[in-house]
Amino acid sequence: MRITPSILNADFANLRHEIGRIPGADGVHVDVMDNHFVPNLTIGLPVVECLRKVTDQLLDIHLMIEDPDRWAPAYAEAGAESVTFHVEAAHAPIRLARELRARGARASMALKPATPIEPYAEMFDELDMVLLMTVEPGFGGQKFLDLVLPKIRRTRELIGDRPIWLQVDGGVSVETIGRCAEAGADTFVAGSAVYNAPDPDAMVRELRELADSAWCC
Ligand code: DX5
Ligand code: ZN
């Protein structure tokens, strides 16, 4: 069970300090938005390059951008251990996944809540992680969409015994993480749940314990 908190709800003026508040996390989830793929604008490559210099945490980059084929490889070159592109935006997802791996990063593919997983099952061997959005991407603090639970279950079945991480992102909290783990997710993004907590690192531990005890498989 991996907890990868999103810094979207952290203090953007103090990101080094904010990452330091979650030493027990399994990685730091960085939401990159371009105001085209989603109606919001956050941070990009220069900030990720700076974060790389000040933390040894696994950097888990979630690109909510158009044309990831063009922009994603640079995040791998910047030293991010995991780079996620949206399949709805990628022109050539298999080629892109291979380019990410060739640059030393884990290759990961994200799906919005209404995008079915079945058409992509054949390319699982090209991937190190699948991210299933449990809200519409674009903003933190939204309500978890239970309608994604059957897709989490189905994706876990399709993964079979491959060493692919199954990440969920959006509305993950003490209320919802058990449902996700029970359905087969093993990697959890939580933004507002972690950074609105009085002790973010204690919340990371609590979320991990809840996921462990609900884990399906
Ligand atoms: C939403 C982002 C998420 C989000 C998570 O588009 O991809 O990572 O920030 O925030 P919470 O946990 O508050 O839903
Ligand atoms: Zn995200």
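The values are calculated or read from the model by the stated rules, or taken from the named source; none is laboratory data. What you see is a predicted model; the values in this text were computed from it and never measured. Cβ atoms come from the backbone with ideal geometry, glycine included; neighbour counts cover every protein chain shown. Heads up: the accessible areas ignore ligands, DNA and RNA and are worked out on the full protein's heavy atoms, side chains in. Shrake-Rupley method; radii C 1.70, N 1.55, O 1.52, S 1.80 Å.
What percent does the relative contact order of the chain come to when contacts are Cα pairs within less than 8 Å and at least six residues apart? Before the final figure, lay out the partial values.
Values: 459 pairs, mean separation 44.7, N = 217.
Dividing the mean separation by the residue count of the chain yields 21 percent.
Any idea what % of Cα-Cα pairs in the range 1-136 are farther than 20 Å?
Working: 3845 of 9180 pairs.
Of the Cα pairs, 42 percent sit more than 20 Å apart.
What is the distance in Å between the Cα centroid of the range 163-190 and that of the range 197-211?
Answer, in whole Å: 13.
How high is the relative contact order of the range 149-217, in percent, with contacts defined as C-alpha pairs under 8 Å that are six or more residues apart?
Contact order relative to length: 36 percent.
How much of the accessible area of the chain, probe 1.4 Å, is carbon plus sulfur, in whole percent?
50
Once phi is turned into ³J(HN,Hα) by the Karplus curve 6.51 cos²θ - 1.76 cosθ + 1.60 with θ = phi - 60°, what whole-Hz value does each residue of the range 188-199 show in order, with x for glycine and proline?
10, 8, 9, x, 5, 4, 7, 7, 8, 7, x, 10
Per residue, how much accessible surface does the chain expose to a 1.4 Å probe? Answer in Å², no decimals. Mind showing how you got there, number by number?
Values: 9160 Å² over 217 residues.
That works out to 42 Å² for each residue.
Net charge near THR55: determine it from the other residues with C-beta under 14 Å of the C-beta of THR55, scoring Lys and Arg +1 and Asp and Glu -1.
Details: positive: ARG16, ARG21, ARG52, LYS53; negative: GLU18, ASP26, GLU49, ASP56, ASP60, GLU81.
So the environment of THR55 carries a net charge of -2.
Kirkwood hydrodynamic radius, computed over distinct alpha-carbon pairs, for the range 1-56: how many Å, to one decimal?
Averaging 1/r across every pair of different Cα atoms and inverting gives 12.1 Å.
Quick one: which of 126-133, 49-56 comes out on top by average Cβ neighbours within 10 Å, and what's the full order, highest first?
126-133, 49-56
Can you compute the label reach from VAL47? Point 7 Å from Cα along the Cβ direction, backbone N cut-off under 11 Å, restricted to the range 1-31.
Inside the label zone: 7-16, 30-31.
Of the residues VAL83, VAL47, VAL204, which exhibits the maximal mean-square fluctuation in a Gaussian network model of the chain defined by a 10 Å Cα contact cut-off?
VAL47
Can you list residues from other chains, or at least 5 along the same chain, whose modelled amide H is less than 5 Å from the amide H of GLN142?
GLY171
Cα to Cα, under 22 Å, and not fewer than 8 places away if on the same chain: which lysines meet these conditions relative to LYS151?
LYS112, LYS143
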